[in-house]
Structures are given as C-alpha cells and as structure tokens.
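Notes to accompany the following structure.
The values are calculated or read from the model by the stated rules, or taken from the named source; none is laboratory data. These numbers were taken from a predicted model, which means no experiment stands behind them. Here Cβ is always computed from backbone atoms with ideal geometry, including for glycine, and neighbour counts include all displayed protein chains.
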Amino acid sequence: MLTILRFLLLSGACLLGWTQAIANCLPSVPPPTFYVGSDNQCDYATIQAAISAVSTSATCAPNIVITNEIAWTAQHLSIDNRSLNLIGSSSGCGIGGTTGISAMGDIPDKAIPAPKVTISGAGQTSASVISITGNSNVTLKFLQVSGGNRAGFGGGIFFGGAGSLTLDTSTISANQASYGGGIAMAPSGSATLTLLANSLVKNNVATVSGGGVLIEGDTHLILVANQTQLFSNTANNGYGGGLYIVGPAHADIGSPGDNTHGTNNAGVIANNSAAYGGGIAAFGSSSAANQDAVVNLFTTDAQRPVNLQANIASINGGAIYLKPYQNSSFRSAAKVCAFNFRIDANSAAEGAAIYLDSFIDPARVDFGGIADLNTDSVAGCNGDEVAGFAAVACADDAPCNALSGNIAQDTNLNPTNRAIIFSGSGASVFGSHISLLHNNGGYVIHAINNGGITDLISSLLADNQVTQQLILGESAFFDIENSTFANNSIGADHVFKITDNSYLTLLRSIIYEPGKPTLDRTNSSGSNIDYILSNDITTLTTHPGTVVSGDPKFVDVTNGNYRLRAYRQNGNILASPAIDFMAAGNPGDDLDGNPEDQAVPLLWRTATPHDLGAYEAQPILDRVFGDGFGDAVSLVH
C-alpha cells in the first residue's frame, strides 16, 4: 500500500499499476518514481527487478532511483525495449529521498555536481555492466558505471538497440572490453548518444579499439555540454583511444571540456592513447557507398574553444586518424570538419596532430581522408549545420583555429623526424585562417597527395622546430595564398621541398626564414609563384617587382606577433614593404578576421591596397601626430 500511495502522490493522473508499469502520463504530470535499496520504504531490492517491472509498452519513462544503501557490485543489467531513467541518490528510499528528484538538494552550493552511486561490474566478466537493446531510451543521472570487464563490445555500457542513451552528471570509468571499453554504440537502428553537463568517460581500456567510446552504424554522438570529456582512455593495440567511429556514425563535438584538473588536460578529448588515433580514429564504412564517418568540431564557449589535447598515438595520428574505404564499386569517406577549434600538445610517431590515411584499390584512384579546417569547402562539412548546437565564434582574446605544441615522437619520447600533419595518397587538407605554432617534428606538413590537395589560405606557420623542411610534397599539389611563414627553426637546406611531379601555387605570401633558401624543387615539379616577399627569391620564379626580397618588419617576433608594422617617428615613415603591395581583388578577411584591401593613406600606395601575408594592416585614420619626443606613432592596428 505504501508503494501505491507514493505512486499516487508522484504521478497523479498516470494510470496505476507499477507491476505492469503502463504509466501513461499526461503532459503536465511528472513520471512515476520508484526506489531501489535495502530499507523498508524501498520498492525493489535489486536494480534489475525494477528495470524488469517497466512495461515494454510504457509511454511515460519512470524514474528508478538507486540508493547508496547497497554496494552495487557484480552488476550486469539488461534493458530491453524499455525507456527509463536510472538516477543515483545519496539518500535512502522515500519521497524526497533523492537528489535526482529534488534538484540536487544535497549538493553543496557552488560544488560541481558529481555521481552519487556506483554501479560496478566487478565480480562478473560475462556481460557489460549495462546492456541496452530493443527500442529503448535510457538516461543515467548521478551514476558512475565502472568495473566492467569482458571480451566483446562495451565494457561499461553496450547499446545494441534503437533509441537513445543520455548521460547526465554521470561517469563511465575503469571499464574494459575488446571494443568500446567505456561505451559501445552498435545499434540495430537509429541511435543517439548524448553527454550532458558534468559527464565523463575516463580511464577505460579497449584491448582492440575504442578505448573510451565506440560508435558505429546509424549513431549520432552529441558532445557539446560544459564539463564533459573523454579523458585518459586507452586502445594501445588498435584505433581510437578516446573515440572510435565507423561510418555512417557521426559526431558533433563542441564541448569546452573539463577544466577541473588544469588547463593542460582540459580539452574535451584529452590524454587518451592508442596505436592509431590517440584522440579520435574514424573509418568510412566498408558495407555500402557513402556511409561516411564525419567528425564535426566547433566551439560553444567563446572563451574556451573546443580542443583535442595531449593525446598520444604510438604509430599514427596523435589527435586524429582518418581512413576512408573504397572497392571497385563504391566509396565511403572519413572526414573531420573543424570550425573555431584547437589541436594542442598531441604526439605520434607520424602525424602528431592529424594523420590522413589512404585506401588504395588497384582499380581506382587512391582515396584518402579529408580534413576541412575552417573552410566550408568540403561536401558534408558546413559550419551552418552546427548552429543548432549553439556554436559560436571564438572570442578575440581566446587562442583559436590553431594546431600548437604537437610533437612527432615515439613512445619513448624520442623525436621521429616525421610530420605534424601527414596527408597520404589521395588525401586532402583544406585550411583557412589557421595557425600552426610551436610544433616539433621532421616536417610541419608532409603530403603524398596523388589525387589530393593541400590548401592553405590566410594562415600562419611560425615558431615551429623541424629537422627537415617546413613542408615536403611528393607527387603533391599545394595551393598556398595570403599566408605567412616566419621564425621557424628549419634543419634542412630549404623551407619548402616538392618532388615527383608536385605542383606548388604560392601567392600573396611572406616567407621570412633568414639563412634558408625558399624552395627546393625537382625538374619534374612545377609552380605558380607570384606576389611574394621573402628573404630569398633566387629559388623562386622571377617576377620583377612582384617577387621581392626584404624584411617584412613584423611587429614583435619575440612575442609571436607577425602583424605588419607601419609607424612615423621624427618625421619619417617606416613601414613593412608587404603593406599595400598589390592591387585589390576579391577581398576577404585576414587571419584576425579583419577586412583585406585596406590602404594606409600616409604610405601613398592607395592603388595597391592589398597586403601580403596572413595579416592585413588596418589603418588608423584619425591619428593626430605628435612625435616631437621621438616616440614611434603607429599608423596601423
């Protein structure tokens, strides 16, 4: 009778009968709530008994409140054709006895919400801690799922049905499986995995692939909330330490991450490790055409850009590894689409930040992974598509659109002389308004692009340390425009090297690497080079007046400011020769987002208002000059 009275109080107009659990709730009536624990007010003594009592035809998902009165070990819960909410409580059974119903009432003010109850698989290895099948919509709130250890899919949670799995202030940790150590989503139909605020997948292990999370089939991962993270998961014998994706599964990742353990590991996908794709590994499907694996990266907090950070691959792809699929009859791509992002402090033997692998079929042109970094130029990569997740541009003072501090090294921390970005045969990199800074490796970019392209527009490569050339192209096609290359430590004899029928388009750019010739090119390689300011033009195509040698006069190289100077001092005007260098044409935005084709009036070059390099000097039009004391007065922002 106590159970029925409690049910009447909580569900009002819902049809009664928990043992049948029809629970047809009206819109204005909360779902019924039932308690699992050991005291005499509890409705059920086991979690599975409460789950099994939910009718497969229930239209109102009940709350099953799990108290901490019992140590929930050796659990292997099965949810089949049921929709329900599992909620952890630090209180006993009874009305108001759970923070899940009373709005976290027992959490201290200003404390970060955390799980209340642990459901552990320790003591059994036959199944996932939670297995979800059939048509099911399941939410976990205030729960930790740990201790799962099984061969197969999903050490912590296996989702093999259709519907949704949502984590709300929950943690999936210290689980192990062959695939998907923390969570494996291998649905029978359409499925969504959503991590809401304060939800973590951490310290899980896949003995093969998908250390933290595996998603395949028609799965959509939504990872956009604050204080969410895939952290410190491993798949050291396979792919995807943090996340493993097989198309047509796709992921929308825009969370600012979890900043509770320091900025060096705050990224949304951080500190994971694998053989391939320490952070993320994505594969095009081998089952049908156009079953692409797509990763969207974007920012939802202007001050804290989305970040793939401090991930490690022992072989290829520290942050990201992409591999498409093709055979004689069809193809499925693997893509990353990044807008307002960071990729920081990752490492791998090759492709410390990004490795774009290839699928080679003798009957077809080589087919490689695709990285769209801020361009909107790749089919299936459209910044407008993430607007529904409250995507925003980075704040002006927030570091953004950068690949920084990545290191090409082996697991013993020995340098490998390989690339930060590796683009394999048929693969393509499209980068616009991006910066590659403070990376260490053999090359910043190494492209073997038989059929692919490397495209850099309005971008900056500075303060990197490489033992070889800054960029190496083998059978590669490069299109580099309005970009700046400066203050890199280069071990080889040239800044760029292109071989084996490569082709380089280099326009409206600055290359300032004193002591280093600009281009090493084999006779079989071609180029289109014009409107260049460089320390060396002897290796470049001769265009008198438009390919010139000189010092670009950056604002502050020591502090990494590669904008162009123009100032007046003691009646004299001193300005970078790259300012107002060429005629206007199709103006866009510079690396700062400022308009191009901005003439600086006092330079008297108004017929040629377009600057070279990644930055357009913005004239200060209302300057009152008073430099009688010899102080430099800037003409530009």
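Residue count for region 351-379, restricted to those that are surrounded by fewer than 24 Cβ atoms within 10 Å (Cβ to Cβ) and either β-branched (Val, Ile, Thr) or touching a His at 6+ places or on another chain (Cβ under 9 Å) (or both): 5.
Have a look at Gly238, Gly217, Gly267, Gly242 and point out the one that is more than 17 Å from Ala174 (Cα to Cα), at pLDDT 95 or above and either of a type in the set (Val, Ile, Thr) or crowded, with 24+ Cβ neighbours inside 10 Å (or both).
Gly267
When Ile354, Ile360 are checked against the criterion of being under 18 Å from the mean Cα position of the chain (by Cα) and not aromatic (Phe, Trp, Tyr), Ile354 stands alone in meeting it. Residue selection: Ala58 satisfies the criterion of being part of a loop (DSSP other than H, G, I, E, B) and crowded, with 19+ Cβ neighbours inside 10 Å. Selection of region 338-373 for residues being of a type in the set (A, V, I, L, M, F, W, C), within 21 Å of Ile457 (Cα to Cα) and modelled with pLDDT of 95 or more yields Ala338, Phe341, Ile343, Ala353, Ile354, Leu356, Ile370, Ala371, Leu373. Looking only at residues of region 275-304 that are over 19 Å from Gly368 (Cα atoms) and touching a Phe, Trp or Tyr at 6+ places or on another chain (Cβ under 6 Å), we find that the one that is surrounded by the fewest Cβ atoms within 10 Å (Cβ to Cβ) is Phe298. The condition (being assigned to a loop (DSSP other than H, G, I, E, B) and surrounded by 14 or more Cβ atoms within 10 Å (Cβ to Cβ)) is satisfied by just one residue among Ala578, Ala607: Ala578. Of the candidates Ile480, Ile511, Ile471, Ile457, the single residue that is at pLDDT 95 or above, buried (at least 20 other Cβ atoms within 10 Å of the Cβ) and farther than 23 Å from Ala583 by Cβ is Ile471.
If you go through region 335-356 and keep only what is of a type in the set (A, V, I, L, M) and assigned to a strand (DSSP E or B), you end up with Val336, Ala338, Ile343, Ala348, Ala349, Ile354, Leu356.
Taking the criterion of being outside any loop (DSSP other than H, G, I, E, B) and either of a type in the set (D, E, K, R) or touching a residue at least 40 places away in the same chain (Cβ under 8 Å) (or both), the residues of region 376-397 that qualify are Gly383, Asp384, Glu385, Val386, Phe389. Among the residues of region 158-176, the one identified as more than 24 Å from the chain's Cα centre (by Cα) and either aliphatic (A, V, I, L, M) or closer than 14 Å to Leu86 by Cβ (or both) is Ala162. Considering region 357-375, the residues that are assigned to a loop (DSSP other than H, G, I, E, B) and in contact (Cβ under 8 Å) with a residue 40 or more places away in the chain include one that is nearest to Gly247 (Cα to Cα), namely Gly369.
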